[in-house]
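Engineer: I have a structure I would like to understand better, so I am pasting it below and will then ask my questions one at a time.
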Amino acid sequence: MKKINSVFALEELRNSLIQAIDRQKTVVRVCSSTGCRASGAMQVIDVLGKELTRQGLDDKVEIKKVGCRGFCEKGPLMAVGPKNIFYQKLKPADIPEIVSETLANGIIIDRLLYEDPETKEKIRYESDIPFFKKQVRNVFGRTGKINPASIDDYIVEGGYTALCKALSSMTSQEIIEMISDSGLRGRGGGGFPTGAKWKFCRNVATDTKYVIANGDEGDPGAFMDRSLMEGDPHCILEGMIIGAYAIGASEGYVYVRAEYPLAVQHLSIAIKKAEEYGFLGKNILGSGFDFNIKIKMGAGAFVCGEETALMASIMGKRGMPRPRPPFPAVSGVWGRPTVINNVKTWANVSLIIKNGVDWFTSLGTEKSPGTTIFSVVGNVKNTGLVEVPMGTTFRDIIYGCGRGIQDDKALKAVQTGGPAGGCLPSELIDTPVDFDRLLEMGAMMGSGGMIVMDEDTCMVDIASYFLSFTQAESCGKCSPCRIGTKVMLDILERIKSGQGEEEDLDRLAELAVTIRNASLCGLGQTAPNPVLTTLRYFRDEYEAHIRDKSCPALVCKDLIKYVISEKCVGCGICKKKCPVGAINGKKKELHVIDQSLCVKCGTCYQVCPPKIGAVEKVTGFRKSEREMTNADY
Amino acid sequence: MLTINGKEVEFREGATVLEVARDNGIYIPSLCAHKELFPFGACRLCLVKIEHMRGFPPACTTPAAEGMKVITEDKELHNLRKNVLELILSEHPNSCLMCDQKELCAKYYICPPKSGRVTGCTFCPARDRCELRKVTEYLGLKEIRIPFKYKGLPMEREDPFFDRDYNLCILCGRCVRVCQEVRGIGAIAFTKRGHDTKIGTAFGKSYLDGGCRFCGACVDVCPTGALSARGSKWHGLPEREVTTTCALCSVGCRLKLEAKWEKVMAARPDEEGPANHGQACVKGRFCIPALVNDAERLKYPLIRKEGRLVPAGWEEAAELVAKRLGRYSPKEVGFVASPFLTNEAAYLLQKFARVGMGTNNIDIASAFSGPVIDAHVRCLGVGAGTGTIEDIESADWIIILGADILTSHPVLTVSINKARRQGATVCLIGPENDIILRMVDNLVPVQPSGYLPLLSGILKILVDREAFDKDFVASRCNGFESLKRSLHDMDLEETIAPCGLSVDRVMELASQILKSKRGCILYGSKILESSNPQQVIYLLFNILLLRGSHLGLIPLRIAGNEQGAGDMGALPNFLPGYRDVSDKDAVSELEEAWSAKLPAEPGVSYSEMIRAAGKGALKALYITSGSIPDKTHLSQVDFIVLHGIYPSPLFEIADVVFPSVAFTEEDGTITSLERRVQRLAAVVKPVGMALPDWKIICLIAEKMKVAGFGFTSAEEVFDEICRVNPLISGHGIWSPRPLAKFALTPVEELMWKKSDVVSEEMPLYSLYYRGIDITEKVHDLKLFYERVLGG
């Protein structure tokens, strides 16, 4: 491969690549990202290949292994042909039919189509599915479309034109100004203006500078960074090269977790290819600018997503944050000025350079332009990755893309911002979501996790869940975070077990403030957020746990018990399934649960036939003296 | 200029807000900050408010800046700190900090030395020095509202010297940082995460196996009782603290010795120490009390009566010695100077030998005397190195040749590590040790027999490439042409073949030396195993001179005052100040100063003395070193006088034994390997009837009616030294007056034939003090050395 050394050479290559596309071929795009692989995409692809050969369609059909479409719940996914007929939940057994019907004859197979949970309508084309229809896929514009292992695919889609533009016609000053004007804010969660960060770094005069792409995604339930790295690695690299050029860096790192082997693989291929094509290395595109990128694999510590801990990790040290200043832009990795941005931020950079400031600011809100990606999970009908303009309301995301709450239950709360984010109540569902609004409400953007919770969720339990995560992932360096989160967690556990005291709420609040104000890094400073927001919006639930010893959502094990109501017909299933033999009763007679034996596993509740529904969860009782004796002494 | 609490204060560039505040007498509570360590920002007690800065930045990590407005104390900060401290104390046994009666109780506490575990108020080894206590008192915390949680971690007592009770640890990280940043060892680190975070070694190994050198730096920086020296943890505060110089090796560490009940209880490194800057090594930090407090110490003079050594009074013993010594002719008497004698004692011993006995038969019982000193005198005019510890710290390249420096001179590795942090390249030639590799850039595994070939090769590369300081060589050196001629016909490959390295490797090493001028070479006792140690030294000098940096050679002398004993003239061929015994001017000067006649004939060296003793030519031996390695030769000697602090194998043949003092009981001076003359200060009284060596010599001189020994204090002796010894004018580093022309030594002279200049009988003192094996007295040290030295 001859290195591309000018803008024209790239244009020429792109044209020749477009020319070379065989338009007679039907393109079948099968998602081969981690999510779909887990549900068997690789077997599907395998069978598809064999089946095409068997049915003699090899030269009429092209299989493209593409990146994540964000709709992993329905995987393995396949989009056929120019109109993207959308098949979901594929099994190898479905493939012969797809080949013989759809690919050979253009007949759409109804049973493999997506059915809208609301209208029960089968939807044929990808673009008509509400999950996709409501989205504006910019950063994810190419994932799911191109083969991430092919740099040519990326170039055909206009890849590296932004780099060409930047290197050939813009000064570093102009690039930074353009990024500043676009109002791009860090997509890792902090929302710091990217342009300003670059400017700081550019203004430090030293010989060596670094850029880092932070792909250390650690929020439970979030996987957009992974999908991006797996599905479109070149757009991250392109952004990094532009950024490096703008600040004068000569080396870059992509920090990615070792638990993301596919992302590592695709990034490695991408870096190798970019070097081959001359987008990385010496004298990039004939501009005289040299830049290299290395991959650094993290060992899976949540705190390594924090920039100073991440840099410590790159330098081979224990991933522990250090106080700032000095900021990385002044003294970062190896003591040199460093710009560190989330992978999504880097992906946005090339888009802004390519499409211009006006294009970018036309989306989103005034202070938070552009799009943002949420990982919508929890009790929502359609879970997955959703890219929407900043300022979209929770309602549009949850009910538009997500198609509402599972089993049509009521929405209770939405948790955003990962474990350090906040739980917002359903009343705030019409709030437009952007960096500042979330902060006002006590939550944060974080890396974009959005956990939807229905009415059966106990907020005390949720708060303690998130706190147990941050508590365990604290690096242990600073005392407020290491000890304070543990003390808070202990109090929550006590409340959950019905031993809470009235004063505990004030204690929690005071501890939360101490931890927030005194902790060293973002992890500690934000760790109390789930508690603070649940205290703010769901205080009554805490009070119920403490005063009435009841868990209104019927979740906290110590505060509920299972009872069998009059509806019992004495079928004996529960008695048979009870693992501890706590259920007594004769056939066809009312059964009774011996509370002293019951371990509250909930098996009886699950096995009781729904049409009978005799097993009930109840709460709101005070522990009898006898039970106290058994359980607590 | 910045403002703290409304007050304008000056600051120096690079200082943190905490340092500026402390410099100006403003207290900010803190636990993790330490002045020798990089800022860390973990304890979160030094949080302050700074205008235009978000939140509560920690004072310890925030760099002071012009115009900054800092508030260190207000209600909000006070509460915040109190809350943080409350969290810390919720995991640290705190009754000792919270109790109303704590002052009263301190007076009457009982001593629980058998208990390993700290559970409450009276059971903490750090109770009198607890930094947590200071902070708690400052913040006025009276109650912990959070339920106390005892971590219940096991006591860690398997390793020698110090106990670790991580139930008291507040994870300030000082120990980890001092081990890594200052000592360059990195034996310990934070392990696990979250609430389970704990300090430990890799894979939970023992400290012995984890590379720990037991320097005690971690114990010294620990603000709590989590780390405590096992030997002294229950002694509480000392009655007095005396700063003196450690005599166990030649580095010259200043130590604060703590005394209680007329015993040395503990030793801590002095932060003001010019050689050690608050650092110590396993011997200085942990071994001194056991060494000097041992029950076997000699308490009274012994004389041989009816074949047995029996106690005697000083008068009787001294008279006996005076009487017997008077019988021998000058040639029949020999004096062995211990390399642990003070300058005063060494000076008086050689004065007594020369004036009282009329003989030059005096030598230091050390492998480094004799040819090594001669080589230095030939190159430099004095029998000393030219480098200082400061030179190590500011060097651009350092070569360690033939020394296991981490064992013999551990504190020097602190300086090497410092230089390395500032960008120096460190090269180790010779014995390797997996721990020292952590602070070495270039390991050159060459056996002592290969030193000469290797150094010659380097020399050839320097000369062939003309990579030498031409001005310096032209103006300050003699013999360059003959050196060049001698190298001309030498084939590089052939020359270096015996050392087993490739030409490329030697080139690489040479290029390191070429890189910059400021170099430092430390050579150790392994050169004595090379075929010709004297010539190794010539080559090292050649290299340094060619690079125009004659200042940088440091011989790694072993014993505490080897340097000083030589400076004082306890040598057969040199008078005080390394003036030759045949130097007429010097002799007449001294004769005038001492009002006595000096012997003209050079004396015999230590090894010759021992050989002569074996043949019966030597009738009397005066040994001040406690013991000597091979006593079998001595059976022919008629009369043996011994100075010592412990019983030794020589007791079988000694006729008179004088109980001397340990360095902790003595006033005087000693001279370190960087030629630094430092004070010894008596910490406690001598054991029993023991007397300092200089007093014993004076006593005998008095009995023999030799004039010029009427000293009443060590100061008086030192004053005389300053008068007669041109090198010494007081305390501090004495500088060798550089020769007008340095001699470059041609390589022809160096054809590596085995020379017999060094006797195999020469003792090496790395584990010895005054003739006794320290490991015999300190069991833990034995444990450590056995492991370290591959026992």
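Every read-out reported here was derived from the displayed coordinates using simple, explicitly stated rules and does not represent laboratory data. Just so it is clear, the model here is predicted, and its values are computed rather than measured. For neighbour counting, all protein chains shown are included, and Cβ atoms are generated from backbone atoms with ideal geometry for every residue, glycine included.
Engineer: For the range B:525-546 and the range A:198-239, what is the separation of their Cα centres, given in Å?
Structural biologist: Answer, in whole Å: 55.
Engineer: What is the extension gain from A:Val204 to A:Phe8, computed as 0.36 nm multiplied by their sequence separation minus the C-alpha to C-alpha distance, in nm to one decimal?
Structural biologist: Between A:Val204 and A:Phe8, full extension yields 67.2 nm more.
Engineer: Restricting attention to the range B:396-470, which trypsin sites (Lys or Arg not before Pro) occupy a DSSP loop and are surrounded by at most 13 other Cβ atoms within 10 Å?
Structural biologist: B:Arg465
Engineer: Using only the alpha-carbon atoms, how far is helix A:485-496 inclined from the longest principal axis of chain A? Give it as 0 to 90 degrees, nearest 10.
Structural biologist: Taking the Cα atoms of chain A, the angle to A:485-496 is about 40 degrees.
Engineer: Using 0.36 nm per residue, how much length does the chain from A:Lys165 to A:Glu503 gain when fully extended, once their Cα-Cα distance is taken away? Before the final figure, lay out each step's value.
Structural biologist: Working: separation 338, 0.36 × 338 = 121.68 nm, distance 6.19 nm.
Working it through step by step, the gained length comes to 115.5 nm.
Engineer: Within the range A:377-471, which GluC sites (Glu not before Pro) sit in a loop by DSSP and count at most 14 neighbouring Cβ atoms inside 10 Å?
Structural biologist: Answer by residue number: A:Glu455.
Engineer: Put a dot 7 Å past each Cα toward the Cβ at A:Ile18 and A:Asn355; how far apart are the dots in nm?
Structural biologist: A separation of 1.8 nm, rounded to one decimal place.
Engineer: Just to verify a number: FRET efficiency for A:Lys25 and A:Asp290, C-beta to C-beta distance, R0 = 30 Å, to 0.05?
Structural biologist: Computed FRET efficiency for A:Lys25 and A:Asp290: 0.15.
Engineer: At a Cα cut-off below 17 Å, give the aspartates and glutamates reachable from B:Lys82, other chains included and same-chain residues fewer than 8 away excluded.
Structural biologist: Straight-line reach from B:Lys82, under 17 Å: A:Asp506, A:Glu510, B:Glu73, B:Asp74, B:Glu91, B:Glu131, B:Glu137, B:Glu143.
Engineer: Something else now. If you find the alpha carbon centre of the range B:403-459 and of the range A:353-391, how far apart are they in angstrom?
Structural biologist: What the calculation gives is 59 Å, centre to centre.
Engineer: Determine the alpha carbon to alpha carbon distance for each of A:Lys83/A:Lys344; A:Lys197/B:Lys69; B:Lys470/B:Lys517 and list only those over 19 Å. List each step's numbers first, then the result.
Structural biologist: Values: A:Lys83/A:Lys344 28 Å; A:Lys197/B:Lys69 25 Å; B:Lys470/B:Lys517 13 Å.
A:Lys83/A:Lys344; A:Lys197/B:Lys69, as the Cα separations exceed 19 Å there.
Engineer: Show me the trypsin sites (Lys or Arg not before Pro) within the range A:252-320 that DSSP assigns to loop and that have at most 15 other Cβ atoms within 10 Å of their Cβ.
Structural biologist: Passing sites in the range A:252-320 are A:Lys282, A:Lys317.
Engineer: For the pair A:Arg111 and B:Lys134, how long in nm is the line joining their label points, each one 7 Å along Cα→Cβ?
Structural biologist: According to this spin-label approximation, the distance is 8.0 nm.
Engineer: Let me ask another. Please work out the C-alpha center-to-center distance from the range A:495-551 to the range B:345-381 and express it in whole Å.
Structural biologist: Using only Cα atoms, the two centres lie 78 Å from each other.
Engineer: Would any residue of the range B:62-78 have its amide N under 11 Å from a label point 7 Å out along Cα→Cβ of A:Val513? List them or say none.
Structural biologist: Once the point is set 7 Å along Cα→Cβ of A:Val513, B:76-77 turn out to lie under 11 Å by backbone N, inside the range B:62-78.
Engineer: Continuing with the same structure: Using alpha carbons only, how many degrees (0 to 90, rounded to 10) separate the axis of helix A:194-203 from the longest principal axis of chain A?
Structural biologist: Around 50 degrees separate the two axes.
Engineer: While we're looking at this one, here's another question. Just to confirm the number: angle between the C-alpha axis of helix B:314-325 and the first principal axis of chain B, 0 to 90 degrees, nearest 10?
Structural biologist: 30
Engineer: List every residue whose amide H lies under 5 Å from the amide H of A:Leu280, counting only residues 5 or more places away in sequence or on a different chain, with H placed 1.01 Å from N in the peptide plane.
Structural biologist: It is A:Glu275, by chain and number.
Engineer: Right, another one. Want the number for B:Asp585 to B:Ala740: 0.36 nm per residue separation, take away the alpha-carbon distance, what's left?
Structural biologist: 53.9 nm
Engineer: So how far apart, in nm, are the two label points at A:Glu276 and B:Ala474 if each is 7 Å from Cα heading toward Cβ?
Structural biologist: Here the modelled spin labels are 6.0 nm apart.
Engineer: Fewest to most neighbouring Cβ within 10 Å: what's the order for B:Trp261, A:Trp334, A:Trp359, B:Trp694? Spell out each step's value before the answer.
Structural biologist: On the way: B:Trp261 9, A:Trp334 12, A:Trp359 15, B:Trp694 28.
Ordered by Cβ neighbours within 10 Å, fewest first: B:Trp261, A:Trp334, A:Trp359, B:Trp694.
Engineer: Output the pairs from A:Lys25/A:Lys272; A:Lys199/A:Lys354; B:Lys198/B:Lys418; A:Lys199/B:Lys35; B:Lys49/B:Lys192 with a Cα-Cα distance over 24 Å in this structure; if there are none, say none.
Structural biologist: Checking Cα-Cα distances, A:Lys25/A:Lys272; B:Lys198/B:Lys418; A:Lys199/B:Lys35; B:Lys49/B:Lys192 exceed 24 Å.
Engineer: Continuing with the same structure: Antiparallel DSSP bridges in chain B: what percent, to the nearest 5?
Structural biologist: Counting DSSP beta bridges with both partners in chain B, the antiparallel share is about 55 percent.
Engineer: Given a cut-off of under 8 Å on Cα pairs at least six residues apart, what relative contact order in percent is computed for the range B:257-305?
Structural biologist: Normalised by residue count, the contact order of the range B:257-305 is 28 percent.
Engineer: Which pairs in the list A:Lys412/A:Lys600; A:Lys282/A:Lys317; B:Lys685/B:Lys782; B:Lys526/B:Lys741; A:Lys496/A:Lys617 are over 26 Å apart, alpha-carbon to alpha-carbon?
Structural biologist: A:Lys282/A:Lys317; B:Lys685/B:Lys782; B:Lys526/B:Lys741
Engineer: Round to the nearest 0.05 the FRET efficiency obtained for A:Met315 and A:Asn283 when R0 = 22 Å and r is the Cβ-Cβ distance.
Structural biologist: It comes to 0.20.
Engineer: Compute the normalised compactness of the range A:21-128: alpha-carbon radius of gyration over 2.2 N^0.38 Å, N being the residue count.
Structural biologist: 1.00
Engineer: How big is the equivalent ellipsoid of the range A:371-457 along its three axes, where each semi-axis is √(5λ) from the Cα gyration tensor, reported in whole Å from largest to smallest?
Structural biologist: Listed largest to smallest, the semi-axes of the range A:371-457 are 18, 14, 11 Å.
Engineer: If you place +1 on the Cβ of every Lys and Arg, -1 on the Cβ of every Asp and Glu, and leave all else neutral, what size is the dipole of the range A:427-485 about its Cα centre, to the nearest 20 Debye?
Structural biologist: With only Lys, Arg, Asp and Glu charged at Cβ, the dipole is about 580 debye.
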